[in-house]
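What follows is one structure encoded as structure tokens, with my remarks underneath.
The values are calculated or read from the model by the stated rules, or taken from the named source; none is laboratory data. On a predicted model such as this, the values are computed, not experimentally measured, just so you know. Cβ placement follows ideal geometry from the backbone for every residue including glycine, while neighbour counts extend to all protein chains displayed. SASA here: full protein model, heavy atoms, side chains in, ligands and nucleic acids out. Shrake-Rupley method; radii C 1.70, N 1.55, O 1.52, S 1.80 Å.
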Amino acid sequence: MKINKIYLTLLLLVSITSKSQVIDTGKSFINSLLIEKNYSKSYSYFDETVKTKISETLLKETVEKLETQLGQFKSIIETNNDKETYFYYSNFEKMKLDIKINFNQNNKVVGFFFVPHKEFKKENSLGKDLNIKSNNIELKGTLLVPESLNLKKIVIFVHGSGPNDRDETIFENKPFKDIAENLYSKGISSYRFDKRTLSNPESFNDKSTIDDEVTNDIINIVTYFKNDSQFSNYEIIVLGHSLGAYLLPRIANKSNQISKIILLAANSRPLDKLIIEQYEYLYKLTPTQELKDALQKVKEQTALLNSKVFNLNTTKENLPLNLSANYWKSILDYKPIKEIQKVKIPILILQGERDYQVTMKDFELWKTKLKNNKKVSFISYPKLNHIFMSGEKPSDPKEYAIKGIVDEKVIEDIKNFIIQK
């Protein structure tokens, strides 16, 4: 027994020492790159496989370009890791984000990214981890169940586009976390999860559709809770944001186990039309040549998408957002206005009036098409943006980097809709 204990202690010490060494290597790399600006030294931290893809000159140009957006590097706030990937939560002049570094077994850098901050679960975090199997993967999420004043209602969150985490983190903002924890304090349970395009990107490929990205996972989660004896008598409410809200009519019509749906910033018009409007808006705010070129390119890609030439063999490089032909066909085939008119359960549609990504045009179209449906409620908020946070000036991407919280009125309206008979 003594030998075993000594052996285990040695293993533990080696593990701690190894992790500490990797963390220090990352800090030294960041210091040489962002403080000393010693690009030759920084370059030496890369593995040879990376050096074939990036030069010292390109490394220097990348840092200089990033500094125009982020400001000067100030300090590392904290360090976390997920296996061989380390997240150096860093403070820049204009915002805070993670410097994500992947190391190989020789402590050489094989991946280096600037990404929105990933919050690692702390001891005092609300809720518990719950993984739910969906088709070929396990979705990793957080379950919140009030211990008292439990109203026997559970909200399932559906993300917007892109590889979102369970909190739908955008820089330091966490709209899903804000809503879930606030509802928890009001007696309402919830489940939010890391989207498969984040946790298992290999499961999403050029053959994948909107159902593969979103719909199927939500249906599987709903089924999981209805089949679980603890939640079988709960009302299930599905709350979607942006792309997730856009797909909620489809999701609701594929399940008879959902009691209500809540659409936050849901587009009622075609996605490709919105993309052009977004680029036009951004170009109007900042008329640079780069944005002008991007706008022209997306117009050409959208024209191809809506032409007779478009087919499943069209390469994704020629399509908007670099998404595959299979994916775009599934979008084109989906008609949200027709789909929502088949929904028989209560619906709440919320919209920020400062939102430039999904605009009041979409909100007004929902209202027009659903004006005779007594089960639909509509609320818009004059000062709120796409993530339902407040501001005064015209919305732009930079404001997402400012720490905020989802407006209390929005959460109160969501709560009232959930609890109403």
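Numbers for the structure displayed
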{"quantity": "Odd one out for His117, checked against (1) open to solvent by less than 70 Å² (accessible area, probe 1.4 Å); (2) within 19 Å of Ile170 (Cα to Cα); (3) of a type outside the set (Gly, Ala, Ser); (4) not in a loop (DSSP other than H, G, I, E, B)", "calculated": "(4)"}
{"quantity": "Cross-chain or 6+ apart pairs with Cβ under 6 Å, the range 52-74 first and farther than 24 Å from Lys96 by Cβ, then open to solvent by less than 80 Å² (accessible area, probe 1.4 Å) and not hydrophobic (A, V, I, L, M, F, W, C)", "calculated": "Glu56/Tyr39; Glu56/Tyr43"}
{"quantity": "Only one of Lys338, Lys299, Lys254 that is free of Cβ contacts under 8 Å to residues at least 12 places away in the same chain, open to solvent by 20 Å² or more (accessible area, probe 1.4 Å) and of a type outside the set (Ser, Thr, Tyr)", "calculated": "Lys338"}
{"quantity": "Whichever residue in the range 161-206 is within 21 Å of Ala401 (Cα to Cα) and hydroxyl-bearing (Ser, Thr, Tyr) and, among such residues, is least open to solvent (accessible area, probe 1.4 Å)", "calculated": "Thr169"}
{"quantity": "Test: residue in the range 96-103 that is in contact (Cβ under 8 Å) with a residue 60 or more places away in the chain and open to solvent by 40 Å² or more (accessible area, probe 1.4 Å)", "calculated": "yes"}
{"quantity": "Every residue from the range 127-160 that is part of a strand (DSSP E or B), open to solvent by 10 Å² or more (accessible area, probe 1.4 Å) and within 19 Å of Asn416 (Cβ to Cβ)", "calculated": "Lys153"}
{"quantity": "In the range 402-414, the residues that are surrounded by fewer than 19 Cβ atoms within 10 Å (Cβ to Cβ) and part of a helix (DSSP H, G or I)", "calculated": "Glu408, Lys409, Glu412, Asp413"}
{"quantity": "Extreme residue, nearest to the chain's Cα centre (by Cα), among residues of the range 357-396 that are surrounded by fewer than 20 Cβ atoms within 10 Å (Cβ to Cβ) and among the aromatic types (Phe, Trp, Tyr)", "calculated": "Tyr381"}
{"quantity": "Wholly enclosed helices (runs of 4 or more DSSP H) of the range 1-51 bearing at least 2 residues modelled with pLDDT under 50 and of a type outside the set (A, V, I, L, M, F, W, C)", "calculated": "2-30"}
{"quantity": "Elements of type helices (runs of 4 or more DSSP H) contained in the range 181-300, each with 2 or more residues being under 28 Å from Phe120 (Cα atoms)", "calculated": "196-199, 216-227, 243-246"}
{"quantity": "Close pairs from the range 278-294: first under 16 Å from Asp355 (Cα atoms) and open to solvent by less than 90 Å² (accessible area, probe 1.4 Å), partner among the polar types (S, T, N, Q) and assigned to a loop (DSSP other than H, G, I, E, B), Cβ under 6 Å, at least 6 apart", "calculated": "Gln278/Gln357"}
{"quantity": "Val343 vs. criteria in contact with a Pro (Cβ under 9 Å, 6 or more places away or on another chain) and either among the small types (Gly, Ala, Ser) or not in a helix (DSSP H, G or I) (or both)", "calculated": "yes"}
{"quantity": "Residue in the range 57-74 that is farther than 28 Å from Asp167 by Cα, modelled with pLDDT of 85 or more, exposed (fewer than 14 other Cβ atoms within 10 Å of the Cβ) and among the hydrophobic types (A, V, I, L, M, F, W, C) present", "calculated": "yes"}
